[in-house]
Structures are given as C-alpha cells and as structure tokens.
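All remarks here apply to the structure that follows.
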Amino acid sequence: MLSNSFGLEPYNPYEALGMWEDAFDAVILSEREGVRKPSAFIYQRALDALGLE
C-alpha cells in the first residue's frame, strides 16, 4: 500500500478496515516517510520495500 495518508493517530482507518501491515507486501505511508506523492522519493521507498529496481 502506498498512501498519502492523513495520519494514524488517534485512529488508524486502515486497521479498522482490516487493511493493515499483514494485508500488504509493503506499507508506505506519507506521514512515516515525511514526503507525499507525487514525490519520486516515496515511490522509490515502495520499490525498495518490495525489493524492486
């Protein structure tokens, strides 16, 4: 999952929907990375997390 998320505190909307860490090969959230789409950095982080070039 690659998302420009609104944050996880005090409520994690992904977890409430059953869409959390164990539902995806990688979870890349803008608030964790400190950058938002369309920055190339966040897409590179997703590729790195998946072991792709």
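The values are calculated or read from the model by the stated rules, or taken from the named source; none is laboratory data. No experiment lies behind these values; they were computed from the predicted model shown. Cβ atoms come from the backbone with ideal geometry, glycine included; neighbour counts cover every protein chain shown. Heads up: the accessible areas ignore ligands, DNA and RNA and are worked out on the full protein's heavy atoms, side chains in. Shrake-Rupley method; radii C 1.70, N 1.55, O 1.52, S 1.80 Å.
Taking every DSSP helix (H) stretch of at least 4 residues in the chain, weighting each as -39,500 (n - 2.57) and dividing the sum by the residue count yields a mean residue ellipticity at 222 nm of -8500 deg cm²/dmol.
Entry comment: accessible area of the chain is 71 Å² per residue, from protein heavy atoms only and a probe of 1.4 Å. The accessible surface of the chain, taken with every protein chain in place and a 1.4 Å probe, is 55 percent carbon and sulfur. Packing, taken as the mean count of other beta carbons within 10 Å per residue, orders the peptides 20-31, 5-16 from highest to lowest as 20-31, 5-16.
The modelled label-to-label distance for the pair Trp20/Tyr43, using points 7 Å beyond Cα in the direction of Cβ, is 3.1 nm. Working note: Cα gyration tensor of the chain, eigenvalues times five, square-rooted, sorted largest first, giving semi-axes of 20, 14, 7 Å. Taking a sphere under 9 Å around the Cβ of Ile42 and counting the other residues whose Cβ falls inside, with K and R at +1 and D and E at -1, yields a net charge of +2.
Relative contact order for the chain: 39 percent, from Cα pairs under 8 Å spaced at least 6 residues apart, divided by residue count.
Only the Cβ atoms of Lys and Arg (+1) and of Asp and Glu (-1) were treated as charged; on that basis the dipole of the chain about its Cα centre amounts to roughly 260 debye.
Once backbone amide H atoms are built at 1.01 Å from N, Leu2 has Ile28 as its partners under 5 Å, excluding neighbours fewer than 5 places away on the same chain.
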